[in-house]
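Taking it in order: structure first as structure tokens, then the write-up.
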Amino acid sequence: GAVVSQHPSRVICKSGTSVKIECRSLDFQATTMFWYRQFPKQSLMLMATSNEGSKATYEQGVEKDKFLINHASLTLSTLTVASAHPEDSSFYICSARDRGSGGNTIYFGEGSWLTVV
Amino acid sequence: GEDVEQSLFLSVREGDSSVINCTYTDSSSTYLYWYKQEPGAGLQLLTYIFSNMDMKQDQRLTVLLNKKDKHLSLRIADTQTGDSAIYFCAESSSGYSTLTFGKGTMLLVSP
């Protein structure tokens, strides 16, 4: 089946530094990728929608200057947490819409645990 | 706005059937999905159903859709301990819109 890979799966960074998380669709082209944040024992919160070759669309309340999204190709989107702080510690999950399925199949990555110390 | 509701917890014994229920409010929902999330992991797409279908079966999984009542269910036959996870129901109004998720149902399967 289709696979979406996220890297790194776990990252610890110092407060004030930036960290980049990659999301790749391994065997399909993704028209759109989504970035979510998940707090413990809660559902997923959509942060932004990333379209290849254009600017990401951010959800209300999500700081675009802090969570930088780049969708450079049909198989890669990156999320950069700029000047991370402890409150940014969370589980970040990406998903990708399979263009070949007519757009109605969405696969998720394994998630990336970010800990800011 | 759209809303998706699920019960938060379900406990079953190994070998029994599990039924996880979901209701949604968006009458324009076209695609309805079930995802499984194991602890510390991402979401695994289990199955999805189009709104013009009533039922979809895939091995141990059966999805039932009552579009009139906006009710979706996932039945897992012969539930195993490895099925213990959080199950998310999600809907989207088209193949190009975002997903709206429920809060997830934690399924606990005891031996």
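The values are calculated or read from the model by the stated rules, or taken from the named source; none is laboratory data. Quick caveat: nothing in here was measured; it's all calculated off a predicted structure. Here the Cβ positions follow ideal geometry from the backbone for every residue, glycine too, while neighbour counts run over all protein chains shown. Only protein heavy atoms, including side chains, enter the accessible area calculation; ligands, DNA and RNA are left aside. Shrake-Rupley method; radii C 1.70, N 1.55, O 1.52, S 1.80 Å.
Considering only segment A:1-24, state which residues are of a type in the set (S, T, Y) and part of a strand (DSSP E or B).
Residue satisfying the conditions is A:S5 alone.
Can you confirm whether B:T47 is away from chain A (no Cβ under 12 Å) and either assigned to a strand (DSSP E or B) or of a type in the set (V, I, T) (or both)?
no
So which residues in segment B:7-29 are open to solvent by 30 Å² or more (accessible area, probe 1.4 Å), among the hydroxyl-bearing types (S, T, Y) and in a strand (DSSP E or B)?
Within segment B:7-29, B:S11, B:T23 qualify.
State all residues of segment B:57-77 that are of a type in the set (G, A, S) and in a strand (DSSP E or B); if no residue qualifies, say none.
Selection gives B:S73 alone.
Can you tell me which residue is farthest from the chain's Cα centre (by Cα) among those in segment A:25-59 that are among the polar types (S, T, N, Q) and part of a strand (DSSP E or B)? Steps first, please.
Restricting attention to segment A:25-59, the residues satisfying the condition of being among the polar types (S, T, N, Q) are A:25, A:29, A:31-32, A:38, A:42-43, A:49-51, A:54, A:57.
Next cut, part of a strand (DSSP E or B) only: A:25, A:31-32, A:38, A:49-51, A:57.
Working: A:S25: 12, A:T31: 14, A:T32: 11, A:Q38: 11, A:T49: 9, A:S50: 9, A:N51: 12, A:T57: 13 Å.
The qualifying residue farthest from the chain's Cα centre (by Cα) is A:T31.
With the structure loaded, tell me whether B:K70 is surrounded by 17 or more Cβ atoms within 10 Å (Cβ to Cβ) and more than 14 Å from chain A (Cβ to nearest Cβ) or whether it fails that test.
Values: surrounded by 17 or more Cβ atoms within 10 Å (Cβ to Cβ): yes; more than 14 Å from chain A (Cβ to nearest Cβ): yes.
Answer is yes for this residue.
Taking only segment A:69-108 into account, find how many residues are more than 10 Å from the chain's Cα centre (by Cα), among the hydroxyl-bearing types (S, T, Y) and either closer than 20 Å to B:A41 by Cα or away from every other protein chain (no Cβ under 14 Å) (or both).
So the count comes out to 7.
Within the set of pairs 6 or more residues apart or between chains, which connect a residue that is within 19 Å of A:E87 (Cβ to Cβ) and open to solvent by 80 Å² or more (accessible area, probe 1.4 Å) inside segment A:51-73 to a residue that is assigned to a strand (DSSP E or B) and at pLDDT 90 or above with Cβ atoms less than 9 Å apart?
From residues that are within 19 Å of A:E87 (Cβ to Cβ) and open to solvent by 80 Å² or more (accessible area, probe 1.4 Å), the pairs are A:K64/A:A48; A:K64/A:Y58.
Quickly run through segment B:24-61 and pick out the residues that are of a type in the set (S, T, Y) and more than 10 Å from the chain's Cα centre (by Cα).
The answer is B:Y24, B:T25, B:S27, B:S28, B:S29, B:T30, B:Y31, B:S51.
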